[in-house]
Amino acid sequence: MKKILAAILSAAMIFSLTACGASSASSAAGASSASSAGASKASGTGKAKYVLKLGDSQAETHPQSKAYHWFANRVSELTNGEVEVQVFVNSALGTQAQCVEGLSLGTVEIAKNMATGFSTYVPEIQIFDLPYMFKDKEHFLKVLDSDIGAHYLNDVLGKAGLVGLCYFYAGSRCFYTTRKVEKLADLKGMKIRVPDGPIYQDMCKAFGASGTPIPMGDIYTALQTHVVDGAENATIVYDTSKHYEPATYFLEDDHIMTPDIVAMSKSYLASLPEADQKAILQAGKEMAQEERKLWDAQEASSLQVMKDHKVTITKPTDAQLAEFRKAAQTVWSKYESVVGKEWIDKVQAMQNS
């Protein structure tokens, strides 16, 4: 009899646990469903009526990630808590390309990518990725803050159903490698990790190297295992991603100065109350200035980190840089019809304006 009673009690416990498990699974599914609803009217978020997910692949310590949190606070302030921006970095919502794709799918409300990351939708935006397009940082920022910058942020991205909230300054892109590179000829035959954009592969080809697209999160391992011989990015990315560990040589050739662009779906933004739209756009403009301050502060710190880790930093001579610029002309020629010679001339004219 005791054995029968024990069996009944055991069965009852199993049934109870199974029921609890089913309840938990149901709750998880509900949470997932609520999450995928994204920026529809929020529930359980306190005062916020709208919740926007912002996704990026950068590390939490990156100045752009810090700028996102500043932006989230500013949007909350300007909307009196009606709009909540949830920040997901470290590729928590996927790669930059996946986040941008999520804008049209409704799985992400705000995403950032390099200019070339939007070229699938609007090829002419690759004007920013032409090697040595900008004379220096002053020239670059002058263009971004001009009517030319506004044209690409609003008119060009608008063709893809997007609206640009702001440009981020992303530094100068330089090569860093597992063996020393001092001049153009040293790149010959090397495999270099590049973003997923044909213009970067064409640039590497013009420089005698081979461009290999690899997701941001996989670069460290690719360098460590010698899948590639090097990569190219700004000093802060080199530092925050700890790429100085597998790639100890850094060439300050400053071959590309391209902006990162923070964007939203145009139709989604338009679906929000007008006051909230204005608040988000205002916070976006202000975020651009905040990000520049954060970048400048951290760039100095990153250079010190590189020195502390005994990175070999090489600055090409004027003559060596001239070789890079000359080789880059083949890329300009190939993309002139894509980006428009008229716009190249306008950008170049601002060097001395």
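The values are calculated or read from the model by the stated rules, or taken from the named source; none is laboratory data. Every value quoted in this text rests on a predicted model; they were computed, and no experiment measured them. Positions of Cβ are generated from backbone atoms using ideal geometry, with glycine treated the same way; all protein chains shown enter the neighbour counts.
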**Asked** So, in region 173-185, of the ones that are crowded, with 20+ Cβ neighbours inside 10 Å and of a type outside the set (V, I, T), which residue ends up farthest from the chain's Cα centre (by Cα)?
**Response** L184
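Does any residue of region 158-167 turn out to be in a helix (DSSP H, G or I), of a type outside the set (D, E, K, R) and touching a residue at least 12 places away in the same chain (Cβ under 8 Å)?
Yes, region 158-167 contains a residue that is in a helix (DSSP H, G or I), of a type outside the set (D, E, K, R) and touching a residue at least 12 places away in the same chain (Cβ under 8 Å).
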**Request:** Identify, by number, the condition in (1) in contact (Cβ under 8 Å) with a residue 40 or more places away in the chain; (2) exposed (fewer than 14 other Cβ atoms within 10 Å of the Cβ) that S337 doesn't meet.
**Result:** (1)
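Given the criteria outside the structural domain of A327 (by TED's automatic domain parsing) and over 30 Å from P273 (Cβ atoms), does F88 qualify?
On the way: outside the structural domain of A327 (by TED's automatic domain parsing): yes; over 30 Å from P273 (Cβ atoms): no.
Answer is no for this residue.
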**Prompt:** In region 169-181, is there at least one residue being assigned to a helix (DSSP H, G or I), within 25 Å of A92 (Cβ to Cβ), at pLDDT 95 or above and not hydroxyl-bearing (S, T, Y)?
**Reply:** no
